Amino acid sequence: MWPIASPLNAQCKAVGGTVQRGNLRVQRHSGICCAKRRDGSERTNPTTSSINKDLRELAALVSANASEKPDEGKPSGTSSDFFSGKNEYLGEMDEEGVEDFEKAFLVGVERKRDYVERRYGYGIQESLKELESLVKTAGLKVVGKTHQSLEPPSPATYIGQGKVREVSETANSLEVDTVVFDQELSPIQLKNLDESLGEDTRVCDRTALTLDIFSQRAMTKEGKLQVELAQVEYQLPRLTRMWNHLERQAGGTGSQGAVKGMGEKQIEVDKRILRKRVVTIKRELEEVRNQRKQARERRAENDMPVIALAGYTNAGKSTLLNRLTNSEVLVEDKLFATLDPTTRRLGLPSGKEALVTDTVGFIQKLPTQLVAAFRATLEEMQDASLILHVVDVSHANAAAQADAVIQVLKDIGVEDIPILTVWNKLDQCEDPDAVREMVMQRSDTVCISAGTGEGVDELLKTIETAVEDSMIPVNICIPYSCGDLVDSVHKHGVVKNLSYTEDGAVIEASVPIYLTGKLKKYKIKGGMT
């Protein structure tokens, strides 16, 4: 197998040196999903306008929870705070401690258009703060950050030439190893910045950083394949930066002693190898996709509803999974602490059972390569009866995070599946009572603390009600020879009327959508929608 370096290493010059790390990885319908509630009213997913209204209310509610507010007095795009002796990052560690980590410096651009269209308070300061968390997760130490207001970003260097010189001087002063940009850089931007910042400073963008973290977190063969595919597709147009020091390979001599023409460049050889690797990975991932599809079909045969957990990274999905199912899935206060999907059995209050699947978390500016590569994993949601959207309600940017998740759900085509919003980390809110009061005025929302267990019992009841609301009403007559189907209807559906005739058991019930295929041939005329 062709060894694929991590994106951080892939962006190093060939003379670069080593990188030190810390302890481093319902059925979809064409329209709005609609089902009848038990009281006869229609249940639909929230419309876009209602979602936006909810997010605005959420933003207003949690704005007071921000522990750090941007310093409005500092001029944007200056680095005077890095030389004032009050650097907040260096202040956390002694000099020896900082040297144990690769030092990183963060750079962002605030576009004027972004400032005007800022959604739910998510601006450049919040974006850089999230980038800082990503950098720390990757095992680097942030020693400074800066940003520039620019419209549009420079096509040559992303930031202005004056800012490039300033970042270069700051990086040299702080002995920075890697400068991380808060946006995906084009190949030409990477090349120019690499030349401007010098051989001793590596250049990395947000996409490469995220891919590096995913490569550290992926544990299963599937996860590693998905990350490798995203890495290779990211690296292909950027290989010139790795091989620009190599000359064209010289041709050999022919049998007559004539000198052949110049051979193909090393970069062309490597691009061809990487393209072949892409084809191989996609073929293997297609096999994984088929295996997952077969696994979902087997789960459907077991007549169990599937509940998918979705949410922003570090929102508490794994903690909630452990709390609901008494499992011991890895839980860490880090971004992307768990990457590979995990499925566990869940017992509902009525004694019925369901399957709960925890999927990969989302972030702002999620690389498109990752969304495409992880499509097989994210497709786990497509056959879910219910999606639990877990939101860290204590976070100052909870509304922006929730909006990012909704956008990704739309991108992968599962926005029509019923969604139950779970406001998590209630115990960490400054005013839990205000959160509880707001939830009382909302439908399809529950507030809990997965860490302490508060509200989990109410969540289980709401899950069961939501699953029942998504069921399909049926009126069927099942022959006595198919007693297993009668048992499935009782076990996974809601039986309203039951009578016995010479032909079999006549049942009026509501059943999960995955059962309707098995029951279709037993329906009484006009008895199944």
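Things to note:
- Scanning the stretch 148-159 for residues that are touching a strand residue (DSSP E or B) at 6+ places or on another chain (Cβ under 6 Å), part of a loop (DSSP other than H, G, I, E, B) and open to solvent by 20 Å² or more (accessible area, probe 1.4 Å) returns 150, 153.
- Odd one out for residue 495, checked against (1) surrounded by fewer than 16 Cβ atoms within 10 Å (Cβ to Cβ); (2) under 38 Å from the mean Cα position of the chain (by Cα): (2)
- Residues being under 28 Å from residue 191 (Cα atoms), of a type in the set (Gly, Ala, Ser), at pLDDT 85 or above and touching an Asp or Glu at 6+ places or on another chain (Cβ under 6 Å) are entirely absent from the stretch 153-161.
- Residue that is part of a helix (DSSP H, G or I) and either at pLDDT below 90 or of a type in the set (Val, Ile, Thr) (or both), where the choices are 521, 525, 461, 496: 521
- Any hit, the stretch 176-189, residues being farther than 28 Å from residue 233 by Cβ, assigned to a strand (DSSP E or B) and not basic (Lys, Arg): no
- Among residues of the stretch 125-164, those that are within 20 Å of the chain's Cα centre (by Cα) and of a type in the set (A, V, I, L, M), counted: 5
- Counting the residues of the stretch 297-339 that are open to solvent by 30 Å² or more (accessible area, probe 1.4 Å), at pLDDT below 75 and not β-branched (Val, Ile, Thr) gives 10.
- Condition met for residue 196 (over 17 Å from the mean Cα position of the chain (by Cα), among the hydroxyl-bearing types (Ser, Thr, Tyr) and part of a helix (DSSP H, G or I)): yes
- Set 251, 261: member being loosely packed, with under 11 Cβ neighbours inside 10 Å, touching a Gly at 6+ places or on another chain (Cβ under 6 Å), in a loop (DSSP other than H, G, I, E, B) and modelled with pLDDT under 80: 261
- Residue 508 passes every criterion in (1) closer than 26 Å to residue 348 by Cα; (2) surrounded by fewer than 21 Cβ atoms within 10 Å (Cβ to Cβ); (3) at pLDDT below 85 apart from (3).
- Test: residue 483 is loosely packed, with under 14 Cβ neighbours inside 10 Å and either modelled with pLDDT under 85 or out of contact with any helix residue (DSSP H, G or I) (no Cβ under 9 Å at 6 or more places or on another chain) (or both): yes
- Search result, residues across the stretch 444-464 that are farther than 14 Å from residue 323 by Cα and surrounded by 16 or more Cβ atoms within 10 Å (Cβ to Cβ): 444, 445, 446, 447, 462, 463, 464
- Near pairs, Cβ below 8 angstrom, 6+ apart or cross-chain, from the stretch 192-213 (on the phi > 0 side of the Ramachandran plot) to any residue that is open to solvent by 10 Å² or more (accessible area, probe 1.4 Å): 198/168; 198/172
- Every residue from the stretch 99-126 that is modelled with pLDDT under 90, open to solvent by less than 20 Å² (accessible area, probe 1.4 Å) and not in a loop (DSSP other than H, G, I, E, B): 102, 124
- From the options 446, 408, 422, 435, residue that is β-branched (Val, Ile, Thr) and under 16 Å from the mean Cα position of the chain (by Cα): 408
- Test: residue in the stretch 165-183 that is open to solvent by 50 Å² or more (accessible area, probe 1.4 Å), under 17 Å from the mean Cα position of the chain (by Cα) and at pLDDT 90 or above: yes
- Residue 203 vs. criteria touching a helix residue (DSSP H, G or I) at 6+ places or on another chain (Cβ under 6 Å), modelled with pLDDT of 85 or more, crowded, with 23+ Cβ neighbours inside 10 Å and over 29 Å from residue 402 (Cβ atoms): yes
- Residues in the stretch 404-429 that are at pLDDT below 90 and open to solvent by 70 Å² or more (accessible area, probe 1.4 Å): 407, 410, 411.
The values are calculated or read from the model by the stated rules, or taken from the named source; none is laboratory data. Bear in mind that the values here come from a model prediction, so they are computed numbers and not experimental data. No Cβ is skipped: glycine too gets one built from the backbone with ideal geometry, and neighbour counts run over all protein chains shown. Ligands, DNA and RNA are excluded from the accessible area calculation, which covers all protein heavy atoms including side chains. Shrake-Rupley method; radii C 1.70, N 1.55, O 1.52, S 1.80 Å.
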